[in-house]
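Everything on this sheet refers to the single structure shown next.
The values are calculated or read from the model by the stated rules, or taken from the named source; none is laboratory data. Just so it is clear, the model here is predicted, and its values are computed rather than measured. As a convention, Cβ positions derive from the backbone with ideal geometry for all residues, glycine included, and neighbour counts pool all protein chains shown.
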């Protein structure tokens, strides 16, 4: 069944966190946990890494636990990449509720 999600947003906030990512091994993805104060399970997060690191990208961000965002890095090179420590910007969106409505 297909559905349309509806719901209101309780709040949207921006949080800056200084983070030193782990080394990401070659040609794979790796998930790293970042402490982001105030996030809760069910929140939607977007992340902005402030600089370019050749061959590496953030391919997913999710709230894995209270105050914790799991970032998935992809390394698209044949060598390890260690992104620099820097201030990541997180946009946190908290839905009031989510309701599924079926469509024919």
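Restricting attention to segment 81-99 and to residues that are modelled with pLDDT under 90 and out of contact with any strand residue (DSSP E or B) (no Cβ under 7 Å at 6 or more places or on another chain), the residue that is surrounded by the fewest Cβ atoms within 10 Å (Cβ to Cβ) turns out to be 97.
The set of residues in segment 28-48 being surrounded by 12 or more Cβ atoms within 10 Å (Cβ to Cβ) and farther than 16 Å from residue 92 by Cβ consists of 29, 30, 31, 32.
Checked against (1) modelled with pLDDT of 95 or more; (2) loosely packed, with under 12 Cβ neighbours inside 10 Å, residue 54 passes all but a single condition, namely (1). From the list 61, 21, 70, the one residue that fits, being outside any strand (DSSP E or B), touching a strand residue (DSSP E or B) at 6+ places or on another chain (Cβ under 8 Å) and surrounded by 11 or more Cβ atoms within 10 Å (Cβ to Cβ), is 21. Close contacts from segment 17-28, counting a first residue that is touching a residue at least 40 places away in the same chain (Cβ under 8 Å) and at positive phi and a second that is surrounded by 12 or more Cβ atoms within 10 Å (Cβ to Cβ) and not in a loop (DSSP other than H, G, I, E, B), with Cβ to Cβ under 8 Å and a gap of 6+ residues or different chains, come to 27/75.
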